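S.K.: One structure, pasted below without further comment.
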Amino acid sequence: MRTIRKDRIKTSVTVGSVSWEFFKWLTYAVMILAALSFVFIFLWLAINALKTGSDYAANSFTLPATWDWQNFKLVIDQMNYRNHNLFQLLGNSLIYILIVTFNAMIWPQFAGYALARFEFPGKKIIESAVYVAMIIPIIGATSSVMQMRMALGLYDNWLGTLIFGSGGLGMGSILYATLYRGMPSAFAEAAYIDGAGEWRVFLNIYYPQSVPMMLIFIVQGVIAAWNDYMGPYMMLPSHPTIALGLQEMQARFVHFGGDQPIMFAGTVIVLIPVLVIYTIFADKIMGNTAFGSLK
C-alpha cells in the first residue's frame, strides 16, 4: 500500500508540473503574439505611409513599389485646422499638456493628503460623492460644464482649462489618499515634535514618497492630453491641438480625396512623440507600478 501511495504522489506531482509548464509557455506564447501584433500594426502603418495612393489601393500588405517620402512633407505643409498650421497645433498641444501635467502634479495630491490625514465633518460624504461621480459618464456633464464656463467667462481660453482641470477630487485623489494612509506616521510625529508644520511634513516626508505614483500620472496624463480630441474640440475651439489637425486631415484626404497614405503619414508623425515618451519611461512606469502594488 505504501508503494502505491508513493507512485500516486509522484504521478500527481509530475502531471501537475507538466500542466504548469504547459500553461506558463502557453501564456508566454500568447503575450509574444500580442506584442508582435502591435509591432505589425505600426510597421504596416509606417510602410503604407510611404506608398502612393494607387500603390496602397493595389495591395496594402506589400512593400511600396515607390518609396514616397513626399507624404510626410505634405502633412507638414498642408495640416491645417481653422487657419492653424502644424507648428501652431503643436504649440497648442504643448500648452495643453503643460496644464494637464501641472494639475496632475498638484491638486490630486493635496486632496488625497487631506482625505488621508485630516478628520473633518462630511469627509465620508465627500469620499462617497467622488466614487459616485466616477460612475457618471463624463460626456453626460459636458453641456453643463460648457454652460458654466461660458457664464464665468472661462470658455475657450487657457485659464478656464487650468481652473476646471484643477479639480483634485477624482480617481487620483483616492489613490493618493490610499497611498498616504499606508505610509507609517512615525516620521510625521517626530517632525511635529521638532516643531514642523503641516506644510513641511507634507513636502519633506509624504510628498517625496509619492513621486513614483506621480510619475505614472504625469506620463499617462501627457499621453492622454496629446491624444485628446473631445476636450479641445468642445472647450477650446480657438486653440486647436494636433489631434484636431489629424481629424481634419482625415476628412480632407480620406473622406473626400481617397488618399489614405497621407493620413497614415500624419498618424505616424503624431505617434512618434507618444512612442518616444513611453520608451523612455516604460521601465519607470512598470517599476513604480510594482512598487505601488507591494506597498
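The values are calculated or read from the model by the stated rules, or taken from the named source; none is laboratory data. Bear in mind the structure is a predicted one, so any value in this text is a computation, not a measurement. Glycine also receives a Cβ, built like all others from the backbone with ideal geometry; neighbour counts cover every protein chain displayed.
S.K.: Out of 228, 283, I need the residue that is closer than 27 Å to residue 172 by Cα, in the same structural domain as residue 194 (by TED's automatic domain parsing) and modelled with pLDDT of 85 or more. Which one?
M.R.: 228
S.K.: List pairs: first in region 228-240 and over 13 Å from residue 165 (Cβ atoms), second in a loop (DSSP other than H, G, I, E, B), Cβ under 7 Å, 6+ apart or cross-chain?
M.R.: Short answer, once both residue conditions are applied: 237/156; 238/156; 240/82.
S.K.: Something else: Based on this model, can you work out whether residue 112 counts as surrounded by 16 or more Cβ atoms within 10 Å (Cβ to Cβ) and either over 24 Å from residue 228 (Cα atoms) or free of Cβ contacts under 8 Å to residues at least 24 places away in the same chain (or both)?
M.R.: The answer is yes for residue 112.
S.K.: Pick from region 1-44 the residues that are of a type in the set (D, E, K, R) and at pLDDT below 55: which of them is surrounded by the fewest Cβ atoms within 10 Å (Cβ to Cβ)?
M.R.: Per the stated criteria, the residue is 2.
S.K.: Suppose the filter is in the same structural domain as residue 237 (by TED's automatic domain parsing) and acidic (Asp, Glu); does residue 68 pass it?
M.R.: no
S.K.: Check region 146-163 and report whether any residue there is surrounded by 16 or more Cβ atoms within 10 Å (Cβ to Cβ) and either free of Cβ contacts under 8 Å to residues at least 40 places away in the same chain or not assigned by TED's automatic domain parsing to the domain that holds residue 114 (or both).
M.R.: Yes, there is a match, as at least one residue in region 146-163 is surrounded by 16 or more Cβ atoms within 10 Å (Cβ to Cβ) and either free of Cβ contacts under 8 Å to residues at least 40 places away in the same chain or not assigned by TED's automatic domain parsing to the domain that holds residue 114 (or both).
S.K.: Being modelled with pLDDT of 85 or more and farther than 30 Å from residue 86 by Cβ is true for just one of 180, 131. Which residue is that?
M.R.: Sole residue among the options that is modelled with pLDDT of 85 or more and farther than 30 Å from residue 86 by Cβ: 180.
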